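Report on the structure given below.
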Amino acid sequence: MLVLKLIIDIYMQQLISAIKETIPELVKEWNTIKLPLFESLVEQPFEKYFEGRQTQEKTKMVAPILDSIFARLMKNKLSTFVVAEGKGLDYLYGLIPLESKITFGEGISWTGNGYSKTPWHLLMRFEVSNTGIIVGKFVMLTDLDKCQSKWTAPGTTSNFSTLKFVVEDYNNLIPVVGTITNKTSTGRVGTYVAPIMEST
């Protein structure tokens with residue numbers, strides 16, 4: 001059991017290092033290459049295309065592109081990192097299945113499709129300017145089996161569920177890019193952990 005834990009710890013450190021290298025590359029590729037291509041495809045500037053639309057609309061259209069870039073860059077760094085969608089998870093890293101979620105904007109929660117596929121979660125958040133430039137980034141890993149927080153059940157009018165972390169989970173969250181805080185803006189311990197983005 002101890003040997004397995006050591007193997008997982010080594011795997012996780014390699015994964016964390018690769019993610020730290022990958023995220024700035026992903027941001028640069030989106031900002032300089034994919035954003036202009038996106039605007040060419042929709043035949044108008046990013047800002048005009050999403051004018052009057054909610055953040056979820058941006059997430060729905062842009063997150064799959066970022067996910068594809070992320071997967072390609074990670075596979076170049078880690079030979080055991082594979083896309084495994086359709087098998088009850090998003091990625092497989094060695095022996096570790098990962099569920100990935102990408103969201104945009106400020107906030108403390110992630111949105112999912114109503115059920116957790118696997119305990120290990122890779123949670124990404126990006127701040128995107130009105131013109132489509134990524135200006136902030138945050139990534140963390142966590143094992144939901146070790147957390148009190150769970151995905152909410154989907155509502156009667158929506159298939160979506162929400163995940164946010166209570167402060168009791170603070171020590172089970174692994175910030176990779178950016179940091180987390182369990183304090184409110186007044187300095188008191190809050191109810192939920194909040195991500196703090198790193199600027200690009």
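Among the residues of the stretch 118-169, write down those that are out of contact with any Asp or Glu (no Cβ under 6 Å at 6 or more places or on another chain), closer than 25 Å to Glu47 by Cα and part of a loop (DSSP other than H, G, I, E, B).
If the condition is that a residue be out of contact with any Asp or Glu (no Cβ under 6 Å at 6 or more places or on another chain), closer than 25 Å to Glu47 by Cα and part of a loop (DSSP other than H, G, I, E, B), then Ser129, Gly132, Ile133 are the ones that fit.
Just give me the residues in the stretch 46-64 being farther than 16 Å from Phe104 by Cα and surrounded by 14 or more Cβ atoms within 10 Å (Cβ to Cβ), in sequence order.
Correct list: Tyr49 only.
What are the residue pairs meeting all of these: first residue in the stretch 3-28, first residue in contact (Cβ under 8 Å) with a residue 40 or more places away in the chain and farther than 15 Å from Leu141 by Cβ, second residue surrounded by 12 or more Cβ atoms within 10 Å (Cβ to Cβ) and of a type in the set (A, V, I, L, M), Cβ atoms under 6 Å, and 6 or more apart or on different chains?
Cβ pairs passing all conditions: Glu25/Leu73; Leu26/Ile69; Val27/Ile134.
Residue by residue through the stretch 93-109, note down the ones that are of a type in the set (A, V, I, L, M, F, W, C), modelled with pLDDT of 90 or more, crowded, with 17+ Cβ neighbours inside 10 Å and farther than 16 Å from Ile65 by Cα. Break it down into steps so the answer makes sense when it comes.
Narrowing the stretch 93-109 to residues of a type in the set (A, V, I, L, M, F, W, C): 95-96, 98, 102, 104, 108.
The next check asks that each one be modelled with pLDDT of 90 or more; those that pass are 98, 102, 104, 108.
The next check asks that each one be crowded, with 17+ Cβ neighbours inside 10 Å; those that pass are 98, 102, 104.
Listed by number, the list holds a single entry, Leu98.
Please go through the stretch 170-195 and give me each residue that is under 21 Å from Leu15 (Cα atoms) and either part of a loop (DSSP other than H, G, I, E, B) or of a type in the set (Asp, Glu) (or both), ordered by number.
Our first condition is that a residue be under 21 Å from Leu15 (Cα atoms); within the stretch 170-195, this holds for 170-180, 195.
Selection gives Gly178 alone.
Would you point out the residue of the stretch 128-184, among those that are of a type in the set (Phe, Trp, Tyr) and closer than 25 Å to Leu66 by Cβ, that is surrounded by the fewest Cβ atoms within 10 Å (Cβ to Cβ)?
Start the filter on the stretch 128-184 by keeping residues that are of a type in the set (Phe, Trp, Tyr), which leaves 138, 151, 160, 165, 170.
Applying the additional criterion that residues be closer than 25 Å to Leu66 by Cβ yields 138, 151, 160, 165.
Numbers: Phe138: 21, Trp151: 20, Phe160: 14, Phe165: 25.
Applying the filter and picking the extreme gives Phe160.
The values are calculated or read from the model by the stated rules, or taken from the named source; none is laboratory data. What you see is a predicted model, and the numbers here were worked out from it, not measured in a lab. Using ideal geometry, Cβ is built from the backbone for each residue, glycine included, and neighbour counts are taken over all protein chains shown.
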